[in-house]
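Participant: Okay, handing you the structure first.
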Amino acid sequence: MSGSDDETRQPLAPWVGIGLVNLATLTWASNMTLGRWLRDDIGPLTLAASRFLVAASFLAVLLRRLPREERRLGRDRCLLVGMALSGVVIFTPTLYLGLQHTTAVNATLINGTGPLITGLLAALLIGERMRQRQIGGAALGLVGVVALISGGRLRFWQGMESSTGDLIVLVAVALWALYSVLGRRAMERRSALSASALSALLGLPALLVAAAWEIARSDFTFRVELLLPLLYIGIAPGVIGFLSWNSGVRRLGASGAMVFYNTLPLYGALLGHLVLGEPLGVRHLVGGALIVSGGLWATGGDRGGD
């Protein structure tokens, strides 16, 4: 199935889009939780390559069921290569590099700038107008992220200083925003499955080379007990997450979908509490309510098209 205006203009399309992008951020939050659990067992490049090796394998099987024109790069080749580089090859290593030089708190807060960066890139690169509701929703969601992280304590800001790590994480957020914008344009002529599969397949070789380099420089040894979590990381975040996100972008637009990227710290806090036993308090509930409200406000009255 190729991209069409009829699908994105159905009355329920925005609500379907909301569900899809939230499913994507939930799977990615579970990936972060599992990634923390595996951090002493497997390096970031190897983990990323394993994830996309599994994901690309599943996506390749699904891709074979699509019409021939959907399986080809065609005139979207530049967009798909851009998606592969920005969302598959560079984004995750860049984020991990930033986390080596800044705190997870800083990195999570910086991710709250994603909707605004996406809206600006969408306006500059593909002429997608960022509506006032989307600006307001992004701002409200950002307030929710701040409340979630800071707990309303002003002294929290006294320990935050600009650093190289913060700038690297900001670059990572911009890379994901670029992936979403390029995906929006690519999916004007092809399905979310086609765009997700081809970009993953294009980016996989570079990740495999990077993983081989990392393994050669480390003492990593594969163990059977790693197989199940690696399969999950490949299937849930790698297949379900990417397909859901790109389908949501198709319905809501890049800037509309990116508003819900702010649900990542919310879902991450919930999963951290349930799986890792991390504390969950009032600030998480207040911040989560603001994040969800911002997303609903941003998409209210929208019918998914430009």
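The values are calculated or read from the model by the stated rules, or taken from the named source; none is laboratory data. Keep in mind that this is a model prediction, so the values were computed, not measured. Note: ideal-geometry Cβ built from the backbone for every residue, glycine included; neighbour counts use all protein chains shown.
Participant: Here is a check on your reading of the model: is Trp245 hydrophobic (A, V, I, L, M, F, W, C) and surrounded by 19 or more Cβ atoms within 10 Å (Cβ to Cβ)?
Facilitator: yes
Participant: Which one of these does Val16 not meet: (1) among the hydrophobic types (A, V, I, L, M, F, W, C); (2) part of a helix (DSSP H, G or I); (3) modelled with pLDDT under 90; (4) buried (at least 22 other Cβ atoms within 10 Å of the Cβ)?
Facilitator: Among (1) among the hydrophobic types (A, V, I, L, M, F, W, C); (2) part of a helix (DSSP H, G or I); (3) modelled with pLDDT under 90; (4) buried (at least 22 other Cβ atoms within 10 Å of the Cβ), the lone unmet condition for Val16 is (4).
Participant: Looking at Ala254, is it of a type outside the set (S, T, N, Q) and more than 22 Å from Trp37 (Cα to Cα)?
Facilitator: Here the answer is yes, as Ala254 does meet what is asked.
Participant: Could I ask something else about it? Go through the residues of the stretch 148-171 one by one and say whether even a single one is among the aromatic types (Phe, Trp, Tyr) and at pLDDT 90 or above.
Facilitator: Residues of the stretch 148-171 among the aromatic types (Phe, Trp, Tyr): 156-157.
Then keep just the ones that are at pLDDT 90 or above; that gives none.
Among the residues of the stretch 148-171, not one is among the aromatic types (Phe, Trp, Tyr) and at pLDDT 90 or above, which makes the answer no.
The rows are residues; the columns are (1) surrounded by fewer than 17 Cβ atoms within 10 Å (Cβ to Cβ); (2) under 20 Å from Leu95 (Cα atoms); (3) of a type in the set (A, V, I, L, M).
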{"site": "Ala192", "(1), (2), (3)": "no, no, yes"}
{"site": "Ile215", "(1), (2), (3)": "no, yes, yes"}
{"site": "Thr221", "(1), (2), (3)": "yes, no, no"}
{"site": "Gly241", "(1), (2), (3)": "no, yes, no"}
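Participant: Those residues that are modelled with pLDDT of 80 or more and β-branched (Val, Ile, Thr), I need them from the stretch 61-104; list them, please.
Facilitator: Within the stretch 61-104, Val61, Val81, Val88, Val89, Ile90, Thr94 qualify.
Participant: For Asn31, which of the numbered conditions (1) assigned to a helix (DSSP H, G or I); (2) out of contact with any helix residue (DSSP H, G or I) (no Cβ under 8 Å at 6 or more places or on another chain) fails to hold?
Facilitator: With respect to (1) assigned to a helix (DSSP H, G or I); (2) out of contact with any helix residue (DSSP H, G or I) (no Cβ under 8 Å at 6 or more places or on another chain), Asn31 is out only on (2).
Participant: Let me ask something else. Which one of these does Arg51 not meet: (1) among the basic types (Lys, Arg); (2) surrounded by fewer than 17 Cβ atoms within 10 Å (Cβ to Cβ); (3) modelled with pLDDT of 85 or more?
Facilitator: Against the list (1) among the basic types (Lys, Arg); (2) surrounded by fewer than 17 Cβ atoms within 10 Å (Cβ to Cβ); (3) modelled with pLDDT of 85 or more, Arg51 comes up short only on (2).
Participant: A follow-up question, please. Please pick out the residue among Arg71, Arg51, Arg36, Arg65 that is farther than 22 Å from Asn262 by Cα, of a type in the set (D, E, K, R) and within 19 Å of the chain's Cα centre (by Cα).
Facilitator: Matching residue, one of Arg71, Arg51, Arg36, Arg65: Arg51.
Participant: With surrounded by fewer than 21 Cβ atoms within 10 Å (Cβ to Cβ) and modelled with pLDDT of 80 or more as the only criterion, which of Leu274, Leu202, Leu280 stands out?
Facilitator: Leu202
Participant: Test each condition in (1) out of contact with any Lys or Arg (no Cβ under 7 Å at 6 or more places or on another chain); (2) surrounded by 19 or more Cβ atoms within 10 Å (Cβ to Cβ); (3) not in a loop (DSSP other than H, G, I, E, B) for Leu79 and report the one that comes out false.
Facilitator: (1)
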